[in-house]
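A short worksheet on the structure shown next.
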Number of protein chains: 2
Amino acid sequence: VPGLLMPIGGAEDKLYSRTILTHFVNICGGNNANIVVIPSASSFPYEVMQKYHALFKNLGVHEVNNLHIPDRQTASESSNLKLLKDATGIFMTGGDQLRLMSLIGGTALGDAIRSQFTNGVHIGGTSAGASIMSRHMIAFGRSGAIPSQRMVQMASGLGLTDFIIDQHFTQRNRLGRLLTAVALNPGLTGIGIDEDTALLIAADGSQTVLGSGKVTLVDSQSLSYSDLYAARRHNPFTLQGVDVRVMTAIA
Amino acid sequence: VPGLLMPIGGAEDKLYSRTILTHFVNICGGNNANIVVIPSASSFPYEVMQKYHALFKNLGVHEVNNLHIPDRQTASESSNLKLLKDATGIFMTGGDQLRLMSLIGGTALGDAIRSQFTNGVHIGGTSAGASIMSRHMIAFGRSGAIPSQRMVQMASGLGLTDFIIDQHFTQRNRLGRLLTAVALNPGLTGIGIDEDTALLIAADGSQTVLGSGKVTLVDSQSLSYSDLYAARRHNPFTLQGVDVRVMTAIA
């Protein structure tokens, strides 16, 4: 059975209740967890790595390993692949998802994360570390509520899920770009996660919201009409039949 | 065993030797072939449909069926799905791959094309009908030999292959956008097909070139460095370790 997938919308609480990170630790085995932190989406990987290392240690995790990937050559080193072998959880930090994919996409490490997930290792990630879980990944895009052509740039992600995951969703006004993303990928479902909010996705598809914000689902399975293809430059387009749902944590 | 995949770079000869279309007919069973033509990428679907119907008939095909999909509702009708059941080949015409995906992406027809291919039906397509075979599909982009940020827009294709297929390749100077596409999808291989040229891809990965032009492979499995993520707006970026190969038909 594959592991649990836990995308976080960024800016999860790290000082007070720590609801989300505590939950991640618990599913990974609590005190007995073995968590590998991958900070390489960030342009300050060492600072970010130290921060999460300390956080997971403070939450009682026995073994926390740092795995920074500065270049693609490092992503193929067997010592780094070995680190993943004993992990019960892998956590990817924020930064730029396109940077992290440029470092690990198509490498032995990228393959190892995917196969460990398939074998039951739980994968958490915040902000860029959440987006990169998607097969069809949002690389970057513009803010705004209303979709328009060229509002979003798609790329390959790690392919852990068919959901298109977006983050900082309400805070950065990203509904328009997620609607554009599903128009570019008809049939797929977009998931927009607010800050300090996570969605726990189980292998059977069941979903649980954690944290203080909301999760917005943009479901294009019922898409009835899209003329995205006809919109030139940055023009708006017609999009009908997309089902938008909002979920919060059960109080 | 899956069928053969036969992307064509557009403008295949239709008057004289008809090498490529004849080959497609032959793999589909020659006179006994049952070919379904899907013209809905085109903005002139009826004209295009009639043209290919006549072409395949002139090449001796017993049964040619037209399947135009004017809207997503039509893409779920059981009579249309039934047409595919007896097909030995499916042929998708040129036009706009994003238009065709907007009509059939995530529909029962899209699923049926994929499952028929998996079950041994051969799939041919020219221009837009070639690009749409990709999982990570080039939706559109700019011309030029040198890659730069935002040079190409990616979307979901039918997912019949992990190759990123581009067409009219030399004629429209598309090396730059294919290099940008593999930078956005590290580990994948781009295939740029010239006009009047086809690549026959077998389930075991073996490849045969047909027609008068060339096929350019842009292989990023050996990618050593990409800083695509750091390029802003339409700026160029550094890309190293991409293996470019060129193939023509064996004389």
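Note down the Stokes-Einstein diffusion coefficient of chain B in µm²/s, whole number, using a Kirkwood radius over alpha carbon pairs, 4 °C, and 1.567 mPa s.
Rounded to a whole number, D works out at 72 µm²/s.
Within 10 Å of each candidate Cβ there may be at most 16 other Cβ atoms; applying that plus a DSSP loop requirement, which GluC sites (Glu not before Pro) in the stretch B:44-131 survive?
B:GLU77
Would you mind putting A:171-177, A:49-55 in packing order, based on average other-beta-carbon counts within 10 Å, highest first?
A:171-177, A:49-55
Just to be sure I understand: of the beta bridges DSSP finds with both ends in chain A, what percent are antiparallel, rounded to 5?
On the way: 26 of 46 bridges.
Roughly 55 percent of the DSSP beta bridges within chain A come out antiparallel.
Between copies, how close do the A:ILE27 label points come, placed 7 Å along Cα→Cβ, listed in nm from shortest?
4.3
At A:GLU63, with labels set 7 Å past Cα in the Cβ direction, how many nm apart are the copies from this one, shortest first?
6.1
Identify the residue of chain A whose Cβ lies closest to the rotation axis that maps chain A onto chain B, and give that distance in whole Å.
Value returned for chain A: A:MET154, 2.
Rolling a 1.4 angstrom probe over the protein heavy atoms, how many square angstrom per residue are accessible across the stretch B:149-246? If you can, show how the numbers build up before the last one.
Working: 3460 Å² over 98 residues.
The answer is 35 Å² per residue.
Quote the total accessible area buried by chains B and A together, excluding ligands, DNA and RNA, probe 1.4 Å, nearest 100 Å².
The B and A chains share an interface burying roughly 2700 Å².
Rounded to the nearest Å, what's the spacing between the alpha carbon centres of the stretch B:145-196 and the stretch A:75-95? Just the number, please.
31
Please compare each pair in B:LYS85/B:LYS214; B:LYS51/B:LYS214; B:LYS82/B:LYS214 to a cut-off of 29 Å on the Cα-Cα distance and tell me which ones are over it.
Working: B:LYS85/B:LYS214 34 Å; B:LYS51/B:LYS214 25 Å; B:LYS82/B:LYS214 37 Å.
Flagged as over cut-off: B:LYS85/B:LYS214; B:LYS82/B:LYS214.
Share of Cα-Cα pairs in the stretch A:111-157 beyond 18 Å, in percent?
Values: 457 of 1081 pairs.
The share of Cα pairs beyond 18 Å in the stretch A:111-157 comes to 42 percent.
What spacing in nm lies between the two simple spin-label points modelled at B:GLN207 and A:GLN240, each 7 Å away from Cα in the Cβ direction?
A separation of 4.2 nm, rounded to one decimal place.
How far apart, in nm, are the 7 Å Cα→Cβ label points at B:ASP71 and A:GLU47?
Between B:ASP71 and A:GLU47, the label points sit 5.5 nm apart.
What is the percent carbon and sulfur in the accessible area of the stretch A:12-105, measuring with a 1.4 Å probe over the protein chains and ignoring ligands?
Values: 1990 of 4010 Å².
Percent of accessible area from carbon and sulfur atoms in the stretch A:12-105: 50.
Treating the point 7 Å from Cα along Cα-beta-carbon as the label, what are the nm separations from A:VAL246 to the other copies, to one decimal?
Result, one decimal in nm: 5.7.
May I ask for the net charge around B:ARG99, where only other residues with Cβ less than 13 Å from the Cβ of B:ARG99 are counted and Lys, Arg are +1 while Asp, Glu are -1?
-2
Put +1 on the Cβ of every Lys and Arg and -1 on every Asp and Glu Cβ in the protein assembly as shown; which of B:VAL25, A:SER78, B:ALA130 then has its Cα farthest towards the positive end of the dipole?
Towards the positive end, the residue furthest out is B:ALA130.
Just the C-alpha atoms of the stretch A:158-251: what Rg/Rh do they give, with Rh taken as the Kirkwood radius?
Taking Rh as the inverse mean 1/r over Cα pairs, Rg/Rh reads 0.99.
Report the paramagnetic label zone for B:ASP227: residues of the stretch B:146-186 whose backbone N is under 20 Å from a point 7 Å from Cα along the Cα-to-Cβ axis.
Only B:146-151, B:179-186 fall inside the zone, counting backbone N under 20 Å.
What's the ranking of B:110-120, B:227-237, A:132-142 by average number of surrounding C-beta atoms within 10 Å, highest first?
Per-residue mean Cβ counts within 10 Å order the peptides as A:132-142, B:110-120, B:227-237.
Test of understanding: in a Gaussian network model of chain B with alpha carbons linked when under 10 Å, which of B:LEU188, B:LEU83, B:LEU103 would top the mean-square fluctuation ranking?
B:LEU83
So for the stretch B:128-236, taking the charge dipole from beta-carbon charges (+1 Lys/Arg, -1 Asp/Glu), which of B:ALA231, B:SER212, B:VAL152 sits furthest toward the positive end?
Selected residue: B:ALA231.
Grab the DSSP H runs of chain B that are 4 residues or longer, score each as -39,500 (n - 2.57), total them, divide by all residues and round the 222 nm result to the nearest 500 deg cm²/dmol.
-7000 deg cm²/dmol
What is the diffusion coefficient of the protein assembly as shown in µm²/s, taking the Kirkwood radius over Cα pairs and the Stokes-Einstein relation at 10 °C with a viscosity of 1.306 mPa s?
Working: Rh = 23.4 Å.
In µm²/s, the coefficient rounds to 68.
The values are calculated or read from the model by the stated rules, or taken from the named source; none is laboratory data. Just so you know, these numbers come straight off a predicted model, no measurement behind them. Ideal geometry is used to build each Cβ from the backbone, glycine not excepted, and the neighbour counts take in all protein chains shown. Side chains included, ligands, DNA and RNA excluded: accessible areas come from the protein's heavy atoms. Shrake-Rupley method; radii C 1.70, N 1.55, O 1.52, S 1.80 Å.
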